[in-house]
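All remarks here apply to the structure that follows.
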Amino acid sequence: MTMPWSHVDRMIPEYCDGRLSAEDAARVEAHLERCAACRCAADDFRFASALLTRLPVTKAPDSLWPGILAELDSRNKKTDRESFSTGSSEKDSGSVFLSARRLVLAATTVVAIGVAAYWYSSRSPSESWQVSATASNAGIDRVAAGRWLQTDASSRLRINVGSIGFVDVAPNSRVRLGTTRASEHRIELERGEISAQISAPPRLFFVDTPASTVVDLGCAYTMRVGDGGEGRLRVTLGWASLEWRGRQALVPAGAVCQTRQGAGPGTPCFEDASVQLQQALDALDFRNGGSGALDIVLAESRSRDTLTLWHLLPRVDTADRGRVFDRIVSLTPPLPPDVSREKVLQLDPDTLERWKEALTWAWIWPLQPTLNGGVK
Amino acid sequence: MAVTAAEAEVGPETIDACRRGDRAAFRTVYNAYKDRVFSIALYTLHGNADLAADVTQQVFIKLMDRIASFRGDSEFSTWLYRLVTNACLDAQRRSKSRSLAVDSNVLETLPDPASLEKAFARTQTAELVKRAVSALPSKLRLAMLLRYFDELSYEEIAVALNCSRGTVASRLNRGHRLLAKSLAHLRGTQGLEE
């Protein structure tokens with residue numbers, strides 16, 4: 001190749017960045033030895049590269065995140081309204097069930113809007129928390145965000161979460177007060193136990209623990225953290241979510257979920273699930289239980305335990321996923337029309353979400369009437 | 001591509017969670033990329049912080065709107081930076097901010113070497129670099145910012161800018177030469193020797 005007489009401008013960036021093959025780099029070098037113009041271009045590139053290292057990364061304003069959330073929320077509300085307006089197109093089959101579902105959704109929406117309206121009207125921007133000792137009449141103190149609170153063997157504390165609820169801190173617990181503002185209230189539970197009661201739109205109150213973050217979805221719950229950082233979430237009303245590095249466990253009322261440091265949330269299950277199921281689930285989540293443990297979970301599952309099985313779908317390997325799918329279908333027939341085995345096994349996000357919505361009713365209303373008048 | 005600690009948390013599980021509408025996962029993605037997205041917008045939009053903030057906000061809202069369409073055919077960051085470059089170019093068109101001709105004017109208004117008695121200080125040099133980069137034609141500027149802020153490969157830049165790998169190399173070459181020419185008086189400054 002007669003490189004010396006053909007300039008190499010376009011190869012200079014890759015040459016200077018060391019991205020050329022050895023052969024091409026040698027050719028460029030040979031050309032540069034003879035060509036002052038390209039040598040100058042290479043010098044310019046290196047000089048400009050050095051200049052660009054002086055360009056600082058600028059921090060994005062803190063105000064951006066709340067604005068993004070507000071925009072997403074307003075879009076979600078619009079989508080909800082649109083989905084209600086198309087409800088009349090449902091086919092006759094199953095219409096009683098669907099109507100009931102829409103009724104509940106509508107009622108939930110009305111309550112949510114009411115709660116949201118109350119929240120917006122009563123919120124007060126603050127960077128401190130109201131804390132009181134529940135066993136005395138000492139009154140309420142304001143404690144700055146960032147402070148740690150610790151209870152001894154006989155003391156309890158109540159922390160007001162803005163105007164959206166409260167958290168009771170049990171004895172022998174250690175809690176750090178984090179940010180508190182209209183768009184986010186956050187505390188950290190290092191060890192011990194808290195009980196939270198929150199009435200607000202979802203995802204306004206967060207509890208960070210060593211193993212996961214508890215995200216309020218409009219609920220009441222208890223979170224306990226052991227000395228090793230392991231945690232257990234128990235939801236008594238509504239829903240909460242345990243989250244860690246993209247791994248999520250949705251926990252409805254009546255269910256519990258364990259979490260471990262380095263592993264994140266395990267698989268949620270109902271408290272009234274069989275002991276065998278709960279033990280096998282623990283082995284599956286945290287002790288490499290394998291197919292043997294999965295066999296027990298599948299055998300012990302009731303229709304309500306599709307909560308557990310649905311969460312297992314992305315957590316088991318492909319072969320076992322098919323078994324989990326089959327078990328869910330056998331427990332809660334029929335398969336919704338827009339959910340296919342193929343898509344579920346592929347873990348298609350939309351399909352999994354649609355199936356979850358269909359299954360949710362078995363989780364919320366556990367006593368499903370059967371044809372012979374009993375319940376399952 | 002160099003990966004920051006925050007970006008390292010954005011794995012396939014996080015992206016999947018975003019597809020399901022998981023706000024915590026979205027927050028993880030936001031925290032990992034917000035400063036770089038904002039910086040690229042800032043330097044692309046001639047230091048207009050308000051406009052850069054708007055663009056950053058739009059980019060992340062679009063990200064959540066369109067995350068379902070991201071199928072993993074390219075790196076997530078490449079996909080994200082395509083949103084960024086499109087949003088920056090749109091904002092530039094909308095605002096009818098400085099044209100290339102004005103860019104040239106900015107280049108001409110850079111301080112004279114004689115007046116740069118203390119311009120060797122790092123912060124001042126940074127300020128000069130900012131102004132010079134901001135004055136470059138936007139297509140050249142975006143290629144350079146993606147290369148130096150995010151250390152994208154040439155292939156990734158090509159995807160983000162919707163052009164060929166050869167065009168990326170050409171734009172980088174031209175951009176660097178213009179930058180070197182406009183700041184030639186800084187040659188020999190400590191830390192800037194070639």
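The values are calculated or read from the model by the stated rules, or taken from the named source; none is laboratory data. Quick caveat: nothing in here was measured; it's all calculated off a predicted structure. Note that we place each Cβ from the backbone using ideal geometry, even for glycine, and neighbour counts take in every protein chain shown. Remember, those area values only see protein heavy atoms, side chains included, never the ligands or the DNA or RNA. Shrake-Rupley method; radii C 1.70, N 1.55, O 1.52, S 1.80 Å.
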Handout entry: Conditions (1) more than 12 Å from the chain's Cα centre (by Cα); (2) crowded, with 16+ Cβ neighbours inside 10 Å; number of the one not met by B:Asp50
Key = (2)
Exercise for the section: Return only the number of the condition from (1) open to solvent by less than 20 Å² (accessible area, probe 1.4 Å); (2) modelled with pLDDT under 50; (3) not small (Gly, Ala, Ser) that B:Thr85 does not satisfy. Expected result: (2)
Exercise for the section: Within the stretch B:125-138, work out how many residues are open to solvent by 10 Å² or more (accessible area, probe 1.4 Å) and either of a type in the set (Ser, Thr, Tyr) or at pLDDT 85 or above (or both). Expected result: 3
Exercise for the section: Have a look at A:Ala319, A:Ala299, A:Ala293 and point out the one that is free of Cβ contacts under 8 Å to residues at least 40 places away in the same chain, in a helix (DSSP H, G or I) and touching a helix residue (DSSP H, G or I) at 6+ places or on another chain (Cβ under 7 Å). Expected result: A:Ala293
Completion exercise
A:Val215 passes all but one of the listed conditions (1) open to solvent by less than 50 Å² (accessible area, probe 1.4 Å); (2) of a type outside the set (Gly, Ala, Ser); (3) within 14 Å of A:Asp168 (Cβ to Cβ); the exception is number (3)
Fill in the blank from the handout: Scanning the stretch A:197-207 for residues that are closer than 12 Å to A:Asn160 by Cα and surrounded by 23 or more Cβ atoms within 10 Å (Cβ to Cβ), the one modelled with the lowest pLDDT turns out to be A:Ile198
Fill in the blank from the handout: For the stretch A:224-262 the number of residues that are open to solvent by 40 Å² or more (accessible area, probe 1.4 Å) and either without any contact (Cβ under 8 Å) to a residue 12 or more places away in the chain or more than 13 Å from the chain's Cα centre (by Cα) (or both) is 12
Practice task
Determine if the stretch A:279-292 includes at least one residue that is within 30 Å of A:Gln197 (Cα to Cα) and within 14 Å of chain B (Cβ to nearest Cβ).
Solution key: no
Handout entry: Some residue of the stretch B:88-97 being buried (at least 17 other Cβ atoms within 10 Å of the Cβ), modelled with pLDDT of 75 or more, of a type outside the set (Val, Ile, Thr) and under 24 Å from A:Ala70 (Cα atoms)
Key = yes
Handout entry: Neighbours by Cβ (under 7 Å, 6+ apart or cross-chain): first from the stretch A:30-43, over 16 Å from B:Gly175 (Cα atoms); second open to solvent by 20 Å² or more (accessible area, probe 1.4 Å) and charged (D, E, K, R)
Key = A:Leu32/A:Arg39
Practice task
Please indicate, with yes or no, whether at least one residue in the stretch A:57-66 is small (Gly, Ala, Ser), within 30 Å of B:Asp65 (Cβ to Cβ) and within 7 Å of chain B (Cβ to nearest Cβ).
Solution key: yes
Problem - In the stretch B:141-157, residue farthest from the other protein chains (Cβ to nearest Cβ) [restricted to those that are open to solvent by 10 Å² or more (accessible area, probe 1.4 Å) and in a helix (DSSP H, G or I)] - result: B:Glu156
Practice task
Confirm whether A:Gly264 is in contact with a Lys or Arg (Cβ under 9 Å, 6 or more places away or on another chain), at pLDDT below 95 and within 14 Å of chain B (Cβ to nearest Cβ).
Solution key: yes
Practice task
Under 7 Å between Cβ atoms, at least 6 apart or on separate chains: pull out the pairs that start in the stretch B:173-193 with a residue that is over 21 Å from A:Ala37 (Cβ atoms) and more than 8 Å from chain A (Cβ to nearest Cβ) and end on any residue that is at pLDDT below 85 and surrounded by fewer than 16 Cβ atoms within 10 Å (Cβ to Cβ).
Solution key: B:His185/B:Pro113; B:Thr189/B:Phe120; B:Gln190/B:Phe120
Problem - Residue in the stretch A:35-44 that is within 30 Å of B:Asp22 (Cα to Cα) and either at pLDDT below 85 or aliphatic (A, V, I, L, M) (or both) present - result: no
Handout entry: Odd one out for A:Gly192 among (1) at pLDDT 85 or above; (2) open to solvent by 60 Å² or more (accessible area, probe 1.4 Å)
Key = (2)
Handout entry: the stretch B:30-67 - residue that is in contact with a Lys or Arg (Cβ under 8 Å, 6 or more places away or on another chain) and touching a residue at least 12 places away in the same chain (Cβ under 8 Å) and, of those, nearest to the other protein chains (Cβ to nearest Cβ)
Key = B:Phe38
Fill in the blank from the handout: Within the stretch A:334-351, the residues that are under 23 Å from A:Arg247 (Cβ atoms) and part of a loop (DSSP other than H, G, I, E, B) are A:Val339, A:Gln346, A:Leu347, A:Asp348
Exercise for the section: Please enumerate the residues belonging to the stretch A:2-12 that are within 20 Å of B:Arg174 (Cα to Cα) and either at pLDDT 85 or above or loosely packed, with under 15 Cβ neighbours inside 10 Å (or both). Expected result: A:Ser6, A:His7, A:Ile12
Exercise for the section: Please work out which one of (1) in contact (Cβ under 8 Å) with a residue 60 or more places away in the chain; (2) closer than 29 Å to A:Ile364 by Cα is the condition A:Asp216 fails and give its number. Expected result: (1)
Completion exercise
When every residue in the stretch A:278-317 that is of a type in the set (S, T, N, Q) and within 23 Å of the chain's Cα centre (by Cα) is compared, the one surrounded by the most Cβ atoms within 10 Å (Cβ to Cβ) is A:Thr308
Fill in the blank from the handout: Within the stretch B:16-31, the residues that are closer than 15 Å to A:Arg245 by Cβ and either among the acidic types (Asp, Glu) or open to solvent by 10 Å² or more (accessible area, probe 1.4 Å) (or both) are B:Asp16, B:Arg20, B:Asp22, B:Arg23, B:Ala24, B:Arg27, B:Thr28, B:Asn31
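Residue by residue, here is whether (1) among the aliphatic types (A, V, I, L, M); (2) within 14 Å of chain B (Cβ to nearest Cβ); (3) touching a Phe, Trp or Tyr at 6+ places or on another chain (Cβ under 6 Å) holds:
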| residue | (1), (2), (3) |
| --- | --- |
| A:Arg302 | no, no, no |
| A:Pro314 | no, yes, no |
| A:Asp317 | no, no, no |
| A:Arg321 | no, no, no |
| A:Ile328 | yes, no, no |
| A:Pro336 | no, no, no |
| A:Ala358 | yes, no, no |
| A:Trp363 | no, no, no |
Exercise for the section: Check whether at least one residue in the stretch B:53-66 is touching a Leu at 6+ places or on another chain (Cβ under 6 Å), surrounded by fewer than 16 Cβ atoms within 10 Å (Cβ to Cβ) and either modelled with pLDDT of 85 or more or outside any helix (DSSP H, G or I) (or both), and report yes or no. Expected result: yes
Practice task
Take the stretch A:327-352 and flag every residue that is of a type in the set (Asp, Glu) and either surrounded by 13 or more Cβ atoms within 10 Å (Cβ to Cβ) or in contact (Cβ under 8 Å) with a residue 12 or more places away in the chain (or both).
Solution key: A:Asp338, A:Asp348, A:Asp350
